[in-house]
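The structure appears below as structure tokens.
The values are calculated or read from the model by the stated rules, or taken from the named source; none is laboratory data. Model, not experiment: these values are computed from the prediction. Cβ placement follows ideal geometry from the backbone for every residue including glycine, while neighbour counts extend to all protein chains displayed.
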Amino acid sequence: MNRRALAVAVAAILLAAFPLVVKSQYILQVGDSAIIYAVAVIGLGILLGFTGQMSLAQAAFFGIGAYASALLSISFGWSPWVTIPLAVAFTALVGALVGWPCLRLSGHYLALATIGFGIIVQLFLINDKGLTNGPDGLTGIPPPKLGPLTLDTYQTYFYVVYGALLLSIYVAWRVKHSRIGRALEAIRENEIAAQAMGIDTTRYKVLAFVLASAFGGLGGALIAHMTRFISPDSYSFDQSVVFLVMLVIGGSSTITGAVTGAILLTFLPEVLRPLKDSYIMVYGAAVIVMVIFMPDGLIGLVKRFAPSFEPSPPRPQALRAPVPRTADTAS
Amino acid sequence: MPATRKKFLLASAAASAAGLAFPNVVLGKGEPIRLGLLPPITGAQALLGQQEQEGAKFAVDEINARPGKVFDDRPFELVIEDATSDNQSAVGALNKLLGENVDAVVCPVLSTQIQAMAPVMKGRQEPWMTGGTAVKNTQLGLTNIFRCRASDGITAQAMTGFAVEQLHGKKIAIFHSSEAFGTGGADQVEASLAKFGLKAVAREQYPNGTKDFTAEILRIKQAGADVVVGYIQNPSDVAVILSQYNSLGMKTPLVGSPSVGNQTAIDTAGKNSNGMYCAQDFILGFNSNVATKFVTGFYNRYHHVPDVSTGSGWVYDAIRLLADTYKKIGSIDKTKTALALHQTKHWEGVLGDFTCDAEGNMIHAMSIGRIENGKVSLVKKVVVAA
């Protein structure tokens, strides 16, 4: 095990002790929420950071996951251990259905299409009262159980969300460092060149959209079984913007950036609480400062001062071979 | 010196014995009673939050200035956390407040926030005072929640009854905002209409913040409605709706929810609000001495008229009711306080007569007012049996 892997393992074990050390229900709730948001933001990172495709519908997928898992557990009495994976699968399916036509667009047009989808989802949640109970939302969502233990406290639920976060990080990391990840990066850098290299760009973009939706769905399902109440107003366009800001502030092209941004922007308003009504001004100013001085996010800043923090994977030998300087290449 | 030491030891022993025998007297007297308040300080509902804080501070200062304060010289100490306008933040604010050992909580006025907070509230003994009007708020399985305003059920009943009985409406249309408040209220109106054997001829909804209501208003006109019942959440939408209502030539009387009678909405709408009816928890000049004293005192302190129904009035009532209950039972024991609050009968508040029913609803009356020249005057008071 190299030093980096050892450091990550130690950090993961130390973080697992968070609910044993912290006794405040308030801090535990904010911590659990931050982790859940991190799962959704990692998904957005696959789409925006890895692939370069803009989506402003992550809150909609978050909502679809939340409602799918909540409805299955309330209506059929199924355990959240069953409904959460089903909700993730359903959200991924919706992602595929939406992604296929939408990803023929790019840039601003894609962003507009995803905004439209987000609004449609919210209107559906508000208006289909027979299914979603309309604006009143759903109550009585059961928490998961582990044998005789009901995971209905922020302490015990922490391990559910923490497990989901570790799984999400692992999946995203495997995607990033696989053939798929390299194809996504090629699309991000130059879609036409990627196509010329034989990459089926539409297929990979849809795949990234499906993965982003699935991560969003997982986050939504997790929050539904934690808060045990959901309503359509939580899955608005504003929430999608918050996810985007979390990713951009953290650093969109890295998993560490997505997690850092989510945790930072969940805790920041809480840290600023003592400022009362002026906190929103300070919060906004802090975000502007971060965007101006850290265009590559917090992780970009760390990399600038500690270049070995997250080195890029070694480039293939062929690309590193010195190119003979000829009359054509000289300029 | 030995005599001094002996005296000291005797005095210490006496003090310890007294402490053991009368712990409340020694530990409680003069100690502040911590009262949690969860207003939306930031976000879309920040104006409501400001009004709630004004009402709370006014009540607390008034109580702390009276002899004996709440009781036993114990003052109220306000602990305020921002509930913002979203559900997750409200739950976070509640958890923070509970970590600060508050003795009672004045909850947010937004009903979805109450419902989001319910899993945290369950199993705890703090008395929860709320101004959220969704019927469901007091049906969440919480035995210690108390609503200090009329529920949407009562409001809808009053509005519909007035539309049918006083305005002789036969073809009633419903116009409402599409979030929880508007939709829940519209459902209650439909249920009340059914009791009269009527069905709405049109039901039109809009998202908060809409700027063009032409399509909705014209559909209501085409349906041939003779009365429109409006369940509108944001006072800021009222002025736009009323302006377009008049400019599209609608002569049909409109009976609106409390936001239509909100003073800011009336001032913004100007002459467009003339002749409109509105349901009101409170109508200035038509209430008790307590209400008159509150409005006068509030104006002298803040130099503006209070928004009694949704903002400052119910919070002022909630805190005064808690203070009177603590004084009556001589304790701040949470279980005893909740039991005593359940026994509230004919307690006089700014918003009227407080009598607690089995669910924790305190107010059982609603007034219908008519707006003319920037003022609301009382037309009818509807009282529903507790």
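Brief remarks follow.
- Considering residues of the range B:173-195 that are part of a strand (DSSP E or B) and within 14 Å of chain A (Cβ to nearest Cβ) only, the residue nearest to B:Gly209 (Cα to Cα): B:Ser177
- Considering the range B:85-97, the residues that are touching a helix residue (DSSP H, G or I) at 6+ places or on another chain (Cβ under 7 Å) and at pLDDT below 90 include one that is farthest from B:Met121 (Cα to Cα), namely B:Asp86.
- When the residues of the range B:79-93 are filtered to those that are under 20 Å from B:Gln50 (Cβ atoms) and in contact with an Asp or Glu (Cβ under 8 Å, 6 or more places away or on another chain), the one that is farthest from the other protein chains (Cβ to nearest Cβ) is B:Val79.
- When A:Ala194, A:Ala111 are checked against the criterion of being modelled with pLDDT of 90 or more and under 24 Å from A:Gln53 (Cβ atoms), A:Ala194 stands alone in meeting it.
- Figure legend. Inter-residue proximity from the range B:154-165: first residues surrounded by fewer than 24 Cβ atoms within 10 Å (Cβ to Cβ), second residues in a helix (DSSP H, G or I), beta-carbon distance below 6 Å, spacing 6+ or different chains. Indicated pairs: B:Gln157/B:Ser192.
- Boolean, B:Val255 is more than 19 Å from B:Lys381 (Cβ to Cβ), in a strand (DSSP E or B) and touching a strand residue (DSSP E or B) at 6+ places or on another chain (Cβ under 7 Å): no
- With respect to being facing chain A (nearest Cβ under 8 Å), in contact with a Ser or Thr (Cβ under 8 Å, 6 or more places away or on another chain), buried (at least 18 other Cβ atoms within 10 Å of the Cβ) and in contact (Cβ under 8 Å) with a residue 24 or more places away in the chain, B:Gln51 falls outside the description.
- Tally, over the range B:276-319, of residues that are among the polar types (S, T, N, Q) and either crowded, with 24+ Cβ neighbours inside 10 Å or not in a helix (DSSP H, G or I) (or both): 6
- All of B:Lys211, B:Lys195, B:Lys122 fail the test of being within 24 Å of B:Gln45 (Cβ to Cβ) and out of contact with any Ser or Thr (no Cβ under 7 Å at 6 or more places or on another chain), apart from B:Lys211.
- B:Lys380 satisfies every condition listed in (1) surrounded by fewer than 17 Cβ atoms within 10 Å (Cβ to Cβ); (2) over 20 Å from B:Ala158 (Cα atoms) except (2).
- Of the residues making up the range B:185-209, not one is buried (at least 21 other Cβ atoms within 10 Å of the Cβ) and more than 30 Å from the chain's Cα centre (by Cα).
- Evaluation of A:Leu165 against (1) surrounded by fewer than 17 Cβ atoms within 10 Å (Cβ to Cβ); (2) closer than 23 Å to A:Ile84 by Cβ (one fails), failing number: (1)
- Options A:Gly163, A:Gly217, A:Gly198: the member that is small (Gly, Ala, Ser) and touching a helix residue (DSSP H, G or I) at 6+ places or on another chain (Cβ under 9 Å): A:Gly217
- Any hit, the range A:244-262, residues being within 30 Å of A:Leu123 (Cβ to Cβ), more than 12 Å from the chain's Cα centre (by Cα) and surrounded by fewer than 18 Cβ atoms within 10 Å (Cβ to Cβ): no
Let's see how each residue does on (1) farther than 16 Å from A:Phe215 by Cβ; (2) more than 14 Å from every other protein chain (Cβ to nearest Cβ); (3) surrounded by fewer than 24 Cβ atoms within 10 Å (Cβ to Cβ):
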{"site": "A:Arg3", "(1), (2), (3)": "yes, yes, yes"}
{"site": "A:Gly52", "(1), (2), (3)": "yes, yes, yes"}
{"site": "A:Ser69", "(1), (2), (3)": "no, yes, no"}
{"site": "A:Ser73", "(1), (2), (3)": "yes, yes, no"}
{"site": "A:Phe76", "(1), (2), (3)": "yes, yes, yes"}
{"site": "A:Trp81", "(1), (2), (3)": "yes, yes, yes"}
{"site": "A:Thr91", "(1), (2), (3)": "no, yes, no"}
{"site": "A:Gly95", "(1), (2), (3)": "no, yes, no"}
{"site": "A:Leu105", "(1), (2), (3)": "yes, yes, yes"}
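- Top-ranked residue in the range A:113-145 [being small (Gly, Ala, Ser) and more than 29 Å from A:Tyr157 (Cβ to Cβ); ranked as surrounded by the most Cβ atoms within 10 Å (Cβ to Cβ)]: A:Ala113
- Filtering the range B:332-358 to residues that are within 16 Å of the chain's Cα centre (by Cα) and assigned to a loop (DSSP other than H, G, I, E, B) leaves B:Val350, B:Leu351, B:Thr355, B:Cys356.
- Some residue of the range B:198-211 being away from every other protein chain (no Cβ under 14 Å), under 26 Å from A:Leu125 (Cβ atoms) and outside any loop (DSSP other than H, G, I, E, B): yes
- Unmet criterion (only one of (1) at pLDDT below 95; (2) more than 11 Å from chain B (Cβ to nearest Cβ); (3) surrounded by 24 or more Cβ atoms within 10 Å (Cβ to Cβ)) for A:Val241: (3)
- Single residue of B:Glu77, B:Glu62, B:Glu100 found to be surrounded by fewer than 21 Cβ atoms within 10 Å (Cβ to Cβ), out of contact with any Leu (no Cβ under 9 Å at 6 or more places or on another chain), modelled with pLDDT of 95 or more and of a type outside the set (Gly, Ala, Ser): B:Glu62
- Among (1) at pLDDT 90 or above; (2) closer than 26 Å to B:Thr310 by Cα - the single one B:Ile217 does not satisfy: (2)
- Candidates B:Asp212, B:Asp237: the one that is closer than 28 Å to A:Ser236 by Cα and surrounded by fewer than 17 Cβ atoms within 10 Å (Cβ to Cβ) is B:Asp212.
- Helices (runs of 4 or more DSSP H) enclosed by the range B:46-137 - at least 1 residues per element that are under 20 Å from the mean Cα position of the chain (by Cα) and more than 27 Å from A:Tyr279 (Cα to Cα): B:46-65
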